[in-house]
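> Structure in structure tokens, see below.
The values are calculated or read from the model by the stated rules, or taken from the named source; none is laboratory data. Only a predicted model underlies this, so the values are computations on that prediction, with no experimental measurement involved. Neighbour counts are summed over all protein chains in view; Cβ atoms, including those assigned to glycine, are modelled from backbone coordinates with ideal geometry. Note: accessible area is taken over every heavy atom of the protein model, side chains too, but ligands, DNA and RNA are not part of it. Shrake-Rupley method; radii C 1.70, N 1.55, O 1.52, S 1.80 Å.
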Amino acid sequence: MAFVAPVSASAAEVPPLTVTGVRPGCEAPTGFPGEIVVTTGSANREAVQLVSATQTRLQRGHTIQFDHPVAGCAVAASQPNGAAVLAVPGDSGTLAYLRAPGGTWGEPTRFPGGGYLQSGRAAVAVSEAGDALVVWEQGGEGRRDVLYAARRLAGGAFGTPVRLADRPDEPARASGETGWFAAGIANGGEAVVAWSGLPPERPPHRTDVKVAIAPATGAFGTPVTVGEQTGYSTGALAMTPDGRALLALADPRRVRVLERTAGTPFGVPATVANVNDPLGTRAATALGPDGQAMIAWSGTGLGGVSAAIRRGGGAFSSELPAASADRRLEYDVWTAVVGATQPLPADTWGFGGARVNASIAHGIALLGWSGPRGHTRAANLLTFPLGPGTGVRQTVGGELSDAWDAFPVPLADGKVALAWIDAPDMRNAHRLRLLTDAPADTTPIPDVRVTPPPSRVTGDLVLPFRCSGPCEIRAQVINRHAYEDSARLTSARSGRLRLRDFVAPRRVGPVRVRFTVGALDGRRSRTWTTTYRLHGRRQYRLLRVDAVRAERRGSRIRVTVRSEFKLPDGAFFAVGGFDRRGNVEPLTMTSSLIGSSGRRQFTVSLPAQGVRWVATLLGEERRFVRVR
């Protein structure tokens with residue numbers, strides 16, 4: 001089995017749809033042909049927007065407007081016949097909307113929050129007959145986080161929410177570790193919910209994966225443990241209208257699958273692929289009507305995308321690499337856990353890998369993701385026929401603005417599109433973009449003249465430019481990923497690109513800037529590179545740490561940092577682990593504000609269990625020291 005990548009797919013984009021205040025990561029296909037759900041709006045007034053995609057355009061559809069913010073992403077699931085359920089998480093309660101096959105959206109059902117905060121996460125499922133399942137996480141009495149499920153049989157109303165699991169309320173992990181949950185429902189109402197807990201902060205950072213099953217006319221049974229995983233891993237669940245279900249479990253070493261038929265428990269896990277990511281693996285899965293299936297995954301620490309498919313009943317294929325992982329370990333989790341930014345090269349995946357999106361439609365296994373392509377992030381679509389044929393990979397977008405959250409969208413005419421978002425001005429407005437078989441864009445690319453900057457740069461690098469017509473322009477300093485800016489002009493006029501806090505060479509030297517220009521909301525672009533000879537003077541004295549010491553004292557580690565200068569105001573972080581390699585999971589972290597005391601020495605302490613190395617982060621300087 002092989003994947004074939006076409007040279008270019010950019011000529012097949014439809015005109016983009018501008019969506020103000022979109023929540024990144026909240027865009028997803030519903031399952032109805034050409035339908036996409038998006039959460040949009042401002043901090044005080046948000047909305048759920050359904051968008052219709054065709055071969056030639058993106059069009060706004062049904063909108064649910066709120067006069068307040070929602071707690072998280074709205075989620076929707078639909079069958080091709082139009083049966084659908086949509087859930088909107090909120091602190092005052094979770095709202096559930098239903099759509100009958102061939103019908104319109106009805107009035108919502110509110111599941112009260114009881115005065116406790118919502119996690120902002122929900123999962124939904126719907127059957128062809130209109131049976132629906134809503135699952136959400138809500139705060140509860142005694143500082144507990146509770147997982148609830150509410151089911152509705154076709155033609156009826158939602159039943160009383162069922163409490164499936166609860167755990168102590170804990171602060172969000174600075175490292176990004178979290179639990180997950182997923183829902184599935186069959187014709188007649190048989191329901192499946194799968195979830196994992198929040199892993200412990202101390203090693204080995206493992207948590208159980210549990211499943212609860214409710215028969216068509218009965219209550220949910222006792223949850224059953226079906227596996228375990230790390231908090232940096234995410235499983236996936238898919239269920240068909242006839243009651244078959246597939247559960248994918250992923251961890252740093254392997255991807256496994258469990259399956260069931262209607263009325264039975266899940267079977268024994270079977271390994272689909274061996275993986276090697278230092279943190280974990282995030283999975284997606286899809287299940288077809290005749291046993292066809294796809295499992296896709298991406299490494300949390302190293303990125304990359306792989307898949308395995310099953311054309312019918314039987315075994316999965318061997319691993320099908322779709323995009324290579326980054327074995328250079330460029331992204332440093334030690335720094336990621338404190339929320340600090342890093343000067344990552346543009347061609348790395350970054351922490352979290354790819355958000356993979358899998359589906360099966362029209363006899364084709366579909367996989368979408370966004371990932372690095374040179375110095376930009378592009379959208380990718382992999383299509384693999386479940387009959388005879390060869391897989392095809394298409395890569396598009398990212399030239400004028402990085403592509404994010406790419407996912408496949410089956411269309412009503414039997415074809416498949418690829419959707420993603422970008423932020424052309426790096427501000428509040430986002431665009432929803434769509435790759436189809438639309439006619440090629442023939443809009444001319446305007447002429448652009450960029451005025452060279454002065455050779456001495458102090459502070460921001462400002463690049464004045466003028467477009468001969470409505471345009472978009474992007475500037476990136478080559479091999480300096482943190483420095484870039486973009487602009488949009490609605491008419492022929494002048495503008496400025498501002499690369500903030502630019503650190504120029506101390507002596508006159510070459511600085512290469514890549515420019516990309518296109519028509520406003522156009523689908524073609526032109527790129528060129530200009531070399532400027534620049535120099536500058538630092539606006540601040542770089543902090544230099546003279547010494548860092550980490551000493552074990554009973555159950556704690558005392559960490560001391562000293563500098564030849566007075567320590568500046570700001571945060572001082574110390575992270576402890578058993579190894580100093582970049583993408584190895586840290587064990588503990590602490591931080592403290594130094595304040596304006598003018599001290600040249602500062603001390604914090606960490607729990608000592610399992611910690612052999614400590615990393616300190618102060619300003620832009622990080623040090624590793626072995627614990628004594």
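> Using unit Cβ charges (K, R positive; D, E negative) and no other charged atoms, how large, in debye to the nearest 20, is the dipole of the chain about its Cα centre?
Details: 73 positive and 53 negative charges, 609 e Å.
In total the dipole reaches around 2920 debye.
> Each label point is 7 Å from the Cα along the Cα-to-Cβ direction; what then is the distance between the points at S92 and A492, in nm?
Inter-label distance under the simple model: 5.2 nm.
> Here's another thing I want to ask about it. What would the Debye equation give as log₁₀ I(q)/I(0) for the stretch 430-514 at q = 0.13 Å⁻¹, counting only Cα atoms as equal point scatterers?
With no solvent term, the Cα-only Debye profile gives -0.53.
> Does a label point 7 Å from the Cα of N479, set along Cα-to-beta-carbon, have any residues of the stretch 511-537 with amide nitrogen under 15 Å, and which are they?
Under 15 Å, as judged by backbone N against the label point of N479, lie 511-514, 530-534 of the stretch 511-537.
> Here's another thing I want to ask about it. How are the C-alpha pair distances of the stretch 49-111 spread across 10 Å bins, as whole percents from the shortest bin up?
19, 50, 26, 5
> Take R254 and T225, extend 7 Å from each Cα along the Cα→Cβ direction, and tell me the distance between the two endpoints in nm.
1.8 nm
> I've got another one for you. First measure r as the distance between the Cβ atoms of Q601 and R500, then evaluate 1/(1 + (r/R0)^6) with R0 = 35 Å and state the FRET efficiency to the nearest 0.05. Show your work: numbers first, answer last.
On the way: r = 32 Å, r/R0 = 0.92.
Efficiency, from the Cβ-Cβ distance: 0.60.
> Still on this structure: Taking the Cβ of D437 as the center, what net charge do the other residues with Cβ under 11 Å away carry, scoring Lys and Arg +1 and Asp and Glu -1?
Working: positive: K415; negative: E13, D413.
Neighbour charge sum, excluding D437 itself: -1.
> Follow-up question, since we're still on this one. Rg/Rh for the stretch 450-495 to two decimals, with Rh computed the Kirkwood way over all alpha-carbon pairs. Intermediate results must be reported in sequence, preceding the final value.
Details: Rg = 11.8 Å, Rh = 11.8 Å.
Rg divided by Rh gives 1.00.
> Towards the positive end of the charge dipole of the chain, with charges on Cβ (+1 Lys, Arg; -1 Asp, Glu), say which of Q138, A212, G25 has the farthest Cα.
Of the candidates, G25 comes out farthest on the positive side.
> Roll a 1.4 Å probe over the protein heavy atoms and report the accessible area of R600 in Å², nearest 10.
Estimated to the nearest 10 Å², R600 gives 130 Å².
> Once all Cα-Cα distances of the stretch 1-142 are split into 10 Å bins that start at 0, what whole-number percent is in each one?
The distribution over the stretch 1-142 is 11, 37, 31, 14, 5, 1, given as percents.
> Taking each pair of distinct Cα atoms in the stretch 375-447 once, what is the resulting Kirkwood hydrodynamic radius in Å?
Working: mean 1/r = 0.0718 Å⁻¹.
Computed over the stretch 375-447, the radius equals 13.9 Å.
> Mind listing the phi-derived Karplus ³J(HN,Hα) values for the stretch 41-47, rounded to whole Hz, using 6.51, -1.76 and 1.60 with θ = phi - 60°, and x for any glycine or proline?
My calculation for the stretch 41-47 gives x, 9, 5, 10, 8, 10, 8 Hz in order.
> With a Förster radius of 56 Å, plug the Cβ-Cβ distance of A412 and T531 into 1/(1 + (r/R0)^6) and report the FRET value to the nearest 0.05.
So the FRET efficiency works out to roughly 0.65.
> Subtract the Cα-Cα distance of R163 and T63 from 0.36 nm times their separation in residues, and report this length gain in nm to one decimal. Kindly include the intermediate steps, with their values, before the conclusion.
On the way: separation 100, 0.36 × 100 = 36.00 nm, distance 3.07 nm.
That pair, R163 and T63, stretches by 32.9 nm at full extension.
> Quick one: check the C-alpha center-to-center distance for the stretch 354-401 versus the stretch 39-100, whole angstrom.
Between the Cα centre of the stretch 354-401 and that of the stretch 39-100, the gap is 25 Å.
> Once both labels are modelled 7 Å past Cα along the beta-carbon direction, what's the R110-E551 spacing in nm?
For the pair R110/E551, the computed spacing is 6.0 nm.
> Do me a favour and compute the ellipsoid semi-axes for the chain from its Cα gyration tensor, root of five times each eigenvalue, largest one first, whole Å. Before the final figure, lay out each step's value.
On the way: eigenvalues 331, 227, 106 Å².
Equivalent-ellipsoid dimensions as semi-axes: 41, 34, 23 Å.
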